[in-house]
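The values are calculated or read from the model by the stated rules, or taken from the named source; none is laboratory data. Predicted, not measured: the structure shown is a model, and the values here were computed from it. Here the Cβ is made from the backbone with ideal geometry for all residues, glycine too, and neighbour counts use every protein chain on show.
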Amino acid sequence: MRKVIIAGNWKMNHAPSKALAFAEELKSFGKIPEAVVAMLFPPFVDLYPLREALGDTGVILGSQTMSAEDPGAFTGEISWDMLEDMEVKTVLIGHSERRAFYHENNAVITRKLRTALAHGFTPVLCVGENEEERKEGRARTKVAGQLHRVLKDLEPEEIKRVMVAYEPIWAIGTGQNATSHDAQEMAETIRQWCREIFGEELAEEIHILYGGSVKPQNVEEYLSQTDVDGVLVGGASLVAKDYWTLIEKGGHYGA
Ligand code: PGA
């Protein structure tokens, strides 16, 4: 059985002072259950102070993106070695907001993923369809296409380290969450795709998350699905109490 991943994506929220207050409150709730891997993807500026503040809580800090390039003349970017220096070894790649607002296409995303893997990071690759694609019955083809473009040439030891987050674009930040049936169906499609390309054993190992308007009230609907191994949560991860409730509920699932 796979562990349950409860991942919070803060996006462009929580300046360092707020991040520190969040960490203090989170610590007051207690220990993270064994069955849960808790992750947080805060803004870059929060990574270092949060690492100090979260100490040995076990919360894994990740970056919301990363440059595909080695350190050098790339104004405004963050490199793998800066993250590594802060002991951050997990990175979101291809979030739909990066794809939409910063023109990250599958070619850019593939390069970022390769840089991440080459330096021992755990990449969390985000995939998902938009509303029109869902309505026209093209959701699965869209997601399979994204996987194919970005992951198909990876080596077995590389794919093992990748997590896939299925985030339908129409469900992100809208309060209009996908049904657990839709989430399971797509998670199953993703696992099946992995099975076909990488074989049964690797397909069973890979973690598949659902994201899009997940909150404490609906998280269990997703975690109870066979192929959904965790959640990637935006809005609800900003409130320490809500993030903690997600973690607590996650403790009832997973290995
Ligand atoms: P949301 O965001 O939970 O606020 O919908 C999810 C995400 O973008 O990762």
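So which residues in segment 129-174 are within 16 Å of the ligand (Cβ to nearest atom) and of a type in the set (Ser, Thr, Tyr)? Of everything in segment 129-174, those that are within 16 Å of the ligand (Cβ to nearest atom) and of a type in the set (Ser, Thr, Tyr) turn out to be Tyr166, Thr174. Looking at Val239, Val231, Val219, just one residue is under 16 Å from the mean Cα position of the chain (by Cα), within 15 Å of the ligand (Cβ to nearest atom), over 15 Å from Cys126 (Cβ atoms) and β-branched (Val, Ile, Thr), and that residue is Val219.
Mind counting the residues in segment 110-137 that are more than 13 Å from Val164 (Cα to Cα) and either surrounded by fewer than 17 Cβ atoms within 10 Å (Cβ to Cβ) or of a type outside the set (Ser, Thr, Tyr) (or both)?
Residues in segment 110-137 being more than 13 Å from Val164 (Cα to Cα) and either surrounded by fewer than 17 Cβ atoms within 10 Å (Cβ to Cβ) or of a type outside the set (Ser, Thr, Tyr) (or both): 18 in total.
Considering (1) outside any helix (DSSP H, G or I); (2) over 27 Å from Lys27 (Cα atoms); (3) in contact with a Leu (Cβ under 8 Å, 6 or more places away or on another chain), the lone condition that Tyr253 does not fulfil carries the number (2). Check whether at least one residue in segment 13-34 is at negative phi, of a type in the set (A, V, I, L, M) and within 16 Å of the ligand (Cβ to nearest atom), and report yes or no. No, the conditions are met nowhere in segment 13-34. In the set Glu87, Glu69, only one residue is without any contact (Cβ under 8 Å) to a residue 60 or more places away in the chain, surrounded by fewer than 15 Cβ atoms within 10 Å (Cβ to Cβ), on the phi > 0 side of the Ramachandran plot and of a type outside the set (A, V, I, L, M); that residue is Glu87. Filtering segment 205-216 to residues that are touching a residue at least 60 places away in the same chain (Cβ under 8 Å) and away from the ligand (no atom under 16 Å from the Cβ) leaves only Glu205.
Of the listed requirements (1) within 16 Å of the ligand (Cβ to nearest atom); (2) at pLDDT 95 or above; (3) outside any helix (DSSP H, G or I), Ile109 misses just one: (3). Going residue by residue through segment 20-28, is there one that turns out to be assigned to a loop (DSSP other than H, G, I, E, B) and of a type outside the set (Ser, Thr, Tyr)? Among the residues of segment 20-28, not one is assigned to a loop (DSSP other than H, G, I, E, B) and of a type outside the set (Ser, Thr, Tyr), which makes the answer no.
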